[in-house]
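One structure is given below, encoded as structure tokens.
The values are calculated or read from the model by the stated rules, or taken from the named source; none is laboratory data. None of the values given here were measured: they were computed from a predicted structure. Every residue, glycine among them, receives a Cβ derived from its backbone with ideal geometry; neighbour counts consider all protein chains shown. With ligands, DNA and RNA removed, areas are computed over all heavy atoms of the protein, side chains included. Shrake-Rupley method; radii C 1.70, N 1.55, O 1.52, S 1.80 Å.
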Amino acid sequence: MLDKHYDHFQVEEGKYEKWKKEGYFTAGDVSKQPFSLVIPPPNVTGKLHLGHVMDTVPDDIIIRYKKMRGFDALWVPGMDHAGIATQAKVEEKLRKQGISRYDLGREKFLEKAWEWKKEYGDSIHEQWAKIGLSVDYTRERFTLDEGLSAAVRKVFVTLYKEGLIYQGEKIINWDPELRTALSNIEVIHQDDEGEFFYFKYPIVGSEDSLIVATTRPETMFGDTAVFVNPKDKRYAHLVGKKAINPANGEALPIMADEYVDLSFGTGAMKCTPAHDPNDFALAKKYGFPLIKVLDESAKMNELCGKYQGMDRYECRKALVEDIKAKGLLDHIEKMVHSVGHSERSGAVVEPMLSKQWFVKMRPLADRVLAQQQSEEKVEFLPHRFENVLIRWMRNVDDWCVSRQLWWGHRIPAYYHKQTGEVVVSETPMDPELYDQDEDVLDTWFSSALWPFATLGWPEKTPDFERYFPTSVLNTGYDIIFFWVARMVFQSEHFTDKVPFKTVVIHGLIRDEKGRKMSKSLGNGIDPIDVIEQYGVDALRYFITTNATPGLDMRYSNEKLQAAVNYLNKIWNAVRYVEMTLGEGYEPKAIDPKSLGVLEKAILSKEMETIRRVSRFMDRYEFGKASDVLYDFVYDDFCSTYLEMSKVSMAKEGDQEQVKAVLYKVVRDIVLLIYPYCPFIGEEMYLSLPKTKASIMLESYPEIEKAYVSKAAERKAELLYTMIKDARAYKSGEGLAPNAAVNIVVSPKAPFAGMEDYLSRFTFAKKVEFKPEAPKGTTFAYDGFSMVIESDVDEGKLKESLLKEKETLKAEIDRGERMLGNPGFLAKAPKEKVALEQEKLESNKNKLQTVEDRLAKLG
RNA sequence: GGAUGCUUAGCUCAGCGGGAGAGCAUCGCCCUUACAAGGCGGGGGUCGUAGGUUCGAAACCUACAGCAUCCACCA
């Protein structure tokens with residue numbers, strides 16, 4: 001027997017450990033159909049946040065549901081080494097101890113990083129357990145483990161041999177704080193306030209000068225030309241002449257190119273090929289030298305004269321002062337412009353010429369674009385997110401994959417010590433003869449292989465053969481570019497298959513005010529705190545049912561409390577059923593034909609509920625599925641059938657049937673809620689009679705056609721409507737709910753045995769069935785009527801009757817307008833027209849009754 | 001500049017061609033042995049604005065406004 005209140009601490013205790021120990025999470029029953037998914041691997045950078053709960057709980061619901069549906073459901077867990085993010089954290093920790101990574105050296109630093117991974121990996125495991133994730137620990141992976149590393153080398157070498165990986169000197173995004181290259185998407189653009197400096201460039205051999213504007217004066221040491229637009233009449237006479245760079249006195253050619261925007265700045269632009277991607281393109285076109293003026297910490301280098309060694313901003317300030325002193329500063333404008341920041345360090349990113357490794361994206365992206373046109377494509381839910389992928393694939397630039405870090409997959413490229421010859425190899429080259437490339441790969445390079453490499457690829461392992469491609473991936477829209485896109489192209493290129501058939505995209509969780517959760521705002525919410533307060537089942541329920549697919553959701557304490565209340569409701573329904581069944585109850589088979597009307601009706605409703613819930617579960621629409629179940633639990637079961645059953649139990653003869661039905665329905669409710677809330681689900685399940693060792697061994701409730709009876713539902717509905725009418729009538733007249741009345745139904749009862757329910761729930765002293773209706777307050781239904789006799793406050797009654805009359809008239813008016821419209825009759829579906837006719841008839845009858853009653857009142 | 005989403009009850013959000021819904025909040029009555037973390041009953045909305053399509057629009061189309069997000073560019 002369950003306790004009076006649901007206590008989440010007691011309910012959660014020990015269950016996860018038991019499931020894990022019993023091996024319920026382990027897949028591999030080959031007699032069943034496989035179903036698989038991989039966890040979005042959390043970074044080993046720290047504790048999990050609510051975003052991870054959003055990523056993983058839907059997966060857990062899917063896995064638990066699919067297991068109940070008889071699938072061999074595999075959920076591969078694992079974590080991501082998160083190269084740059086983790087390295088930044090480890091460096092920060094060391095810095096607090098006054099140590100830099102260079103003090104330690106590569107090997108020692110990596111030891112520290114592995115210690116970090118161990119510590120945070122353990123804490124992530126604890127959190128998975130708290131959340132209740134049914135991941136298969138026998139198949140757990142790490143993006144830096146031996147198998148993944150082998151897969152990474154295989155992919156790198158293969159792409160290199162195919163000409164899809166190359167080393168090149170290009171403008172990349174440089175993070176001067178972490179001293180590494182970044183890919184385009186690791187750069188966050190934000191609008192920063194800056195200054196726009198207008199400098200005078202004297203024209204050689206003339207008194208004239210040209211004004212050029214820049215936001216980054218410190219890069220002027222790398223300028224190679226000044227450009228104007230060929231159509232620009234203001235400068236036509238200067239093209240071909242030379243202008244003096246006010247930073248270093250060098251003469252720069254003035255050239256014309258269509259690229260220059262006449263309306264921006266002064267219409268004259270300086271060209272700095274080594275520090276701007278557009279200028280780089282111009283320099284290539286005209287064959288300019290590429291002059292780099294910043295070092296890897298964004299300090300000025302030896303080409304910058306007296307500014308050498310200065311930080312870029314220090315230099316900017318000093319240089320502007322010096323130019324001003326020379327009288328060559330025209331003016332300074334404040335301007336807000338978009339500035340790139342490193343996603344991890346926050347440092348302002350410098351576009352910089354650098355030799356890096358790149359993945360040639362065009363052929364890989366084209367393959368994806370073609371695949372999305374075919375039958376064997378990745379399906380996105382909601383569909384619109386497919387366009388995000390497609391647009392990115394259409395416009396993608398080559399991917400800079402080398403990082404000047406230590407924590408990650410070291411690039412399998414080797415340089416001959418004498419000749420400098422480059423060898424790219426899966427197996428290490430002789431260290432006597434070759435030096436390995438110092439750089440590591442972008443962390444997403446290995447994440448991209450996650451769905452197939454975790455299953456054993458490149459080996460043809462049984463798991464890979466059986467579980468790949470995976471069935472579904474559930475993740476946030478914020479990492480479609482970072483992760484989803486890359487898994488798709490790598491998978492299609494290397495396995496010739498999509499990595500997953502369906503991607504379910506969810507929104508992000510925000511705080512109660514709708515703001516993004518972030519460290520700087522300090523508004524992040526620790527899931528562990530939420531679990532302490534409300535229990536994990538409530539958190540799981542909240543996070544999967546209060547969100548619309550693809551849209552952001554807000555964290556809400558109120559909604560969590562609502563979830564707790566709902567769970568407590570189910571808990572108590574189970575408790576009531578247990579009390580009713582009594583000790584030692586032995587479940588009995590139900591004969592659908594011999595059941596009473598109310599029993600038939602609730603089972604029929606349950607079948608409809610199972611049908612609708614299953615349909616939504618199969619489409620991964622957990623919010624909708626839970627809504628359907630919620631309505632059934634509250635309205636149909638708890639408020640209605642369960643209350644009716646109290647009367648039934650007091651009657652002779654029916655008890656066994658009622659018990660059997662109560663048992664079946666409440667047990668099925670437990671099974672239906674269980675994928676969402678496994679802990680309380682297990683607790684309630686085990687508390688009921690005749691169970692298996694765990695709810696994890698159960699199957700999902702099935703629709704049984706013998707239980708479907710729309711006729712019984714309609715009959716029961718009549719009774720419920722009568723009760724509701726009688727109650728509303730009493731309330732409308734200012735009678736207490738428990739005030740005594742007499743009810744007469746005529747000419748006969750809609751179904752036998754209903755009088756007990758009617759009297760109990762309307763507090764009728766007497767319920768009679770008579771062929772003739774007496775005088776009194778009459779409610780008309782199809783084929784019979786109900787008359788209520790009571791002491792009435794005539795004033796109040798009249799008021800409520802008048803109000804009812806108004807609403808009925810409005811309804812009738814609406815119906816008549818509709819049915820009087822020739823267009824409606826001609827074009828609307830026949831069923832709709834018939835339905836409206838029925839409604840109109842019924843409303844007219846009701847109005848008649850109301851008017852009769854009013855007439856009697858005078 | 002391009003794209004997407006949102007705008008519905010006091011708050012948070014469903015609904016997305018045929019009678020305006022939920023949770024919370026609010027008001028009234030009830031501690032009735034499943035549940036006061038509850039029950040019963042009630043109040044509250046010209047569904048952002050303006051046009052259009054349709055027999056019928058909160059829903060479909062167009063324009064506009066506000067909010068949010070993403071991508072690109074910014075010498």
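So, A:Gly46, is that one within 17 Å of the chain's Cα centre (by Cα), surrounded by fewer than 24 Cβ atoms within 10 Å (Cβ to Cβ) and among the small types (Gly, Ala, Ser) or not? Walk me through it before giving the result.
On the way: within 17 Å of the chain's Cα centre (by Cα): no; surrounded by fewer than 24 Cβ atoms within 10 Å (Cβ to Cβ): yes; among the small types (Gly, Ala, Ser): yes.
No: the conditions fail for A:Gly46.
How about the stretch A:37-83: which of its residues are part of a loop (DSSP other than H, G, I, E, B) and over 27 Å from A:Gly147 (Cα atoms)?
Once the filter is applied, which keeps residues that are part of a loop (DSSP other than H, G, I, E, B) and over 27 Å from A:Gly147 (Cα atoms), the stretch A:37-83 yields A:His49, A:Arg69, A:Gly70.
From the list A:Ala716, A:Ala706, exactly one residue is buried (at least 17 other Cβ atoms within 10 Å of the Cβ) and either acidic (Asp, Glu) or touching a residue at least 12 places away in the same chain (Cβ under 8 Å) (or both). Which is it?
Working: A:Ala706 fails: buried (at least 17 other Cβ atoms within 10 Å of the Cβ).
Of the residues listed, the single one that is buried (at least 17 other Cβ atoms within 10 Å of the Cβ) and either acidic (Asp, Glu) or touching a residue at least 12 places away in the same chain (Cβ under 8 Å) (or both) is A:Ala716.
Pick out, from the stretch A:441-510, the helices (runs of 4 or more DSSP H) lying fully within it that include 1 or more residues that are open to solvent by 20 Å² or more (accessible area, probe 1.4 Å), in contact with a Leu (Cβ under 7 Å, 6 or more places away or on another chain) and at pLDDT 95 or above. Outline the logic, then answer.
Values: elements: A:443-447, A:450-453, A:462-467, A:485-495.
So the answer is A:462-467, A:485-495.
Please verify whether A:Lys21 is open to solvent by 70 Å² or more (accessible area, probe 1.4 Å), at pLDDT below 90 and not small (Gly, Ala, Ser), treating the condition exactly as stated.
Working: open to solvent by 70 Å² or more (accessible area, probe 1.4 Å): yes; at pLDDT below 90: no; not small (Gly, Ala, Ser): yes.
Here the answer is no, as A:Lys21 does not meet what is asked.
With the checklist (1) open to solvent by 10 Å² or more (accessible area, probe 1.4 Å); (2) within 16 Å of RNA strand B (Cβ to nearest atom); (3) within 30 Å of A:Glu652 (Cα to Cα); (4) in a helix (DSSP H, G or I) in hand, flag the one item A:Tyr541 doesn't pass.
In the conditions (1) open to solvent by 10 Å² or more (accessible area, probe 1.4 Å); (2) within 16 Å of RNA strand B (Cβ to nearest atom); (3) within 30 Å of A:Glu652 (Cα to Cα); (4) in a helix (DSSP H, G or I), A:Tyr541 misses (3) alone.
Does A:Ala764 meet the test of being without any contact (Cβ under 8 Å) to a residue 60 or more places away in the chain and within 14 Å of RNA strand B (Cβ to nearest atom)?
Numbers: without any contact (Cβ under 8 Å) to a residue 60 or more places away in the chain: yes; within 14 Å of RNA strand B (Cβ to nearest atom): no.
Against the criterion (without any contact (Cβ under 8 Å) to a residue 60 or more places away in the chain and within 14 Å of RNA strand B (Cβ to nearest atom)), A:Ala764 does not qualify.
Please go through the stretch A:224-249 and give me each residue that is of a type outside the set (Ser, Thr, Tyr), in contact with a helix residue (DSSP H, G or I) (Cβ under 9 Å, 6 or more places away or on another chain) and part of a loop (DSSP other than H, G, I, E, B), ordered by number. Break it down stepwise before answering.
Taking the stretch A:224-249 first, the residues of a type outside the set (Ser, Thr, Tyr) are A:225-234, A:236-249.
So of that shortlist, the ones also in contact with a helix residue (DSSP H, G or I) (Cβ under 9 Å, 6 or more places away or on another chain) come out as A:225-228, A:230, A:245-248.
Selection gives A:Pro230, A:Asn245, A:Pro246, A:Ala247, A:Asn248.
With respect to A:Pro412, determine if the residue is at pLDDT 95 or above, more than 16 Å from RNA strand B (Cβ to nearest atom) and closer than 22 Å to A:Gly163 by Cβ. Explain how you work it out, then say what you get.
Numbers: at pLDDT 95 or above: yes; more than 16 Å from RNA strand B (Cβ to nearest atom): yes; closer than 22 Å to A:Gly163 by Cβ: yes.
Considered against the rule, which asks whether it is at pLDDT 95 or above, more than 16 Å from RNA strand B (Cβ to nearest atom) and closer than 22 Å to A:Gly163 by Cβ, A:Pro412 comes out as yes.
When the stretch A:613-643 is examined, which residues are found to be of a type in the set (Phe, Trp, Tyr), open to solvent by 20 Å² or more (accessible area, probe 1.4 Å) and more than 30 Å from A:Asn474 (Cβ to Cβ)?
none
Within 11 Å of RNA strand B (Cβ to nearest atom) and under 27 Å from A:Val401 (Cα atoms): which single residue out of A:Ile505, A:Ile509 fits that description? Lay out the reasoning, then the answer.
Working: A:Ile509 fails: under 27 Å from A:Val401 (Cα atoms).
After applying the criteria, what remains is A:Ile505.
How about the stretch A:767-858: which helices (runs of 4 or more DSSP H) wholly inside it have at least 3 residues that are closer than 25 Å to A:Leu719 by Cα and open to solvent by less than 70 Å² (accessible area, probe 1.4 Å)?
On the way: elements: A:794-819, A:822-827, A:830-857.
Of the helices (runs of 4 or more DSSP H) lying wholly inside the stretch A:767-858, those with at least 3 residues that are closer than 25 Å to A:Leu719 by Cα and open to solvent by less than 70 Å² (accessible area, probe 1.4 Å) span A:794-819, A:830-857.
Does A:Val744 satisfy the condition of being within 19 Å of A:Lys646 (Cα to Cα), more than 16 Å from RNA strand B (Cβ to nearest atom), crowded, with 19+ Cβ neighbours inside 10 Å and modelled with pLDDT of 80 or more? Spell out the reasoning first.
Values: within 19 Å of A:Lys646 (Cα to Cα): no; more than 16 Å from RNA strand B (Cβ to nearest atom): yes; crowded, with 19+ Cβ neighbours inside 10 Å: yes; modelled with pLDDT of 80 or more: yes.
Spelling it out, it is not the case that A:Val744 is within 19 Å of A:Lys646 (Cα to Cα), more than 16 Å from RNA strand B (Cβ to nearest atom), crowded, with 19+ Cβ neighbours inside 10 Å and modelled with pLDDT of 80 or more.
Can you tell me which residue among A:Ile124, A:Ile165, A:Ile99 is among the aliphatic types (A, V, I, L, M) and out of contact with any Leu (no Cβ under 8 Å at 6 or more places or on another chain)?
Numbers: A:Ile124 fails: out of contact with any Leu (no Cβ under 8 Å at 6 or more places or on another chain); A:Ile165 fails: out of contact with any Leu (no Cβ under 8 Å at 6 or more places or on another chain).
Only one candidate passes the filter, namely A:Ile99.
Suppose we filter A:Ile610, A:Ile528 for residues that are of a type outside the set (Lys, Arg), crowded, with 21+ Cβ neighbours inside 10 Å, in a helix (DSSP H, G or I) and more than 16 Å from RNA strand B (Cβ to nearest atom); which single one remains?
Details: A:Ile528 fails: crowded, with 21+ Cβ neighbours inside 10 Å.
Only one candidate qualifies: A:Ile610.
Please note which helices (runs of 4 or more DSSP H) are completely contained in the stretch A:87-178 and include at least 3 residues that are in contact (Cβ under 8 Å) with a residue 24 or more places away in the chain.
Values: elements: A:101-104, A:106-131, A:146-161.
Counting at least 3 such residues, we get A:106-131, A:146-161.
Between residues in the stretch A:363-384 that are basic (Lys, Arg) and residues that are open to solvent by 40 Å² or more (accessible area, probe 1.4 Å), which pairs lie under 8 Å by C-beta distance while being six or more apart or on different chains?
A:Arg367/A:His493
If A:Glu656 satisfies every condition in (1) at pLDDT below 95; (2) more than 12 Å from RNA strand B (Cβ to nearest atom); (3) farther than 21 Å from A:Asp756 by Cα; (4) of a type in the set (Asp, Glu) but one, which is the exception?
(3)
Tell me which strands (runs of 3 or more DSSP E) are completely within the stretch A:263-369 and hold 3 or more residues being away from RNA strand B (no atom under 13 Å from the Cβ), or say none if there are none.
Values: elements: A:268-271, A:329-342, A:350-359.
Filter on the stretch A:263-369 gives A:329-342, A:350-359.
Taking the stretch A:749-761 as the region of interest, how many residues are under 12 Å from A:Met786 (Cβ atoms) and away from RNA strand B (no atom under 16 Å from the Cβ)?
Looking only at that region, the number is 4.
Any idea which of A:Ala855, A:Ala828 is within 15 Å of RNA strand B (Cβ to nearest atom), among the small types (Gly, Ala, Ser) and modelled with pLDDT of 80 or more?
On the way: A:Ala855 fails: within 15 Å of RNA strand B (Cβ to nearest atom).
Being within 15 Å of RNA strand B (Cβ to nearest atom), among the small types (Gly, Ala, Ser) and modelled with pLDDT of 80 or more holds for just one of A:Ala855, A:Ala828, which is A:Ala828.
Given the criterion among the hydrophobic types (A, V, I, L, M, F, W, C), within 7 Å of RNA strand B (Cβ to nearest atom) and over 22 Å from the mean Cα position of the chain (by Cα), identify the matching residue among A:Met579, A:Met553. Steps first, answer last, please.
Numbers: A:Met553 fails: over 22 Å from the mean Cα position of the chain (by Cα).
After applying the criteria, what remains is A:Met579.
Take A:Thr272 and tell me if it is open to solvent by less than 30 Å² (accessible area, probe 1.4 Å) and at pLDDT below 90. Can you show your working first?
Values: open to solvent by less than 30 Å² (accessible area, probe 1.4 Å): yes; at pLDDT below 90: no.
Taking the combined requirement at face value, the residue does not satisfy it.
Looking only at the stretch A:683-699, filter to residues that are within 30 Å of the chain's Cα centre (by Cα) and touching a residue at least 24 places away in the same chain (Cβ under 8 Å); which one of those is farthest from A:Lys18 (Cα to Cα)? Steps first, please.
Of all residues in the stretch A:683-699, those within 30 Å of the chain's Cα centre (by Cα) come to A:683-685, A:694-699.
Pick out the ones that are also touching a residue at least 24 places away in the same chain (Cβ under 8 Å) and you get A:683-684, A:694-699.
Values: A:Glu683: 13, A:Met684: 16, A:Ser694: 9, A:Ile695: 12, A:Met696: 11, A:Leu697: 13, A:Glu698: 16, A:Ser699: 19 Å.
Once the filter is applied, the top-ranked residue is A:Ser699.
Only residues that are assigned to a strand (DSSP E or B) and closer than 18 Å to A:Lys161 by Cα: list them for the stretch A:415-435, please. Before the answer, list the steps.
First pass over the stretch A:415-435, keeping only residues assigned to a strand (DSSP E or B): A:415-416, A:422-424, A:434-435.
Within the stretch A:415-435, A:Tyr415, A:Val422, A:Val423, A:Val424 qualify.
Taking into account only those residues within the stretch A:180-196 that are open to solvent by 10 Å² or more (accessible area, probe 1.4 Å) and over 26 Å from the mean Cα position of the chain (by Cα), which is farthest from RNA strand B (Cβ to nearest atom)?
A:Glu193
State which residue pairs qualify: first residue assigned to a helix (DSSP H, G or I) and inside the stretch A:546-564, second residue open to solvent by less than 50 Å² (accessible area, probe 1.4 Å) and near RNA strand B (Cβ under 6 Å from one of its atoms) in any location, beta carbons under 8 Å apart, and separation of 6 or more residues or different chains.
A:Val564/A:Tyr6
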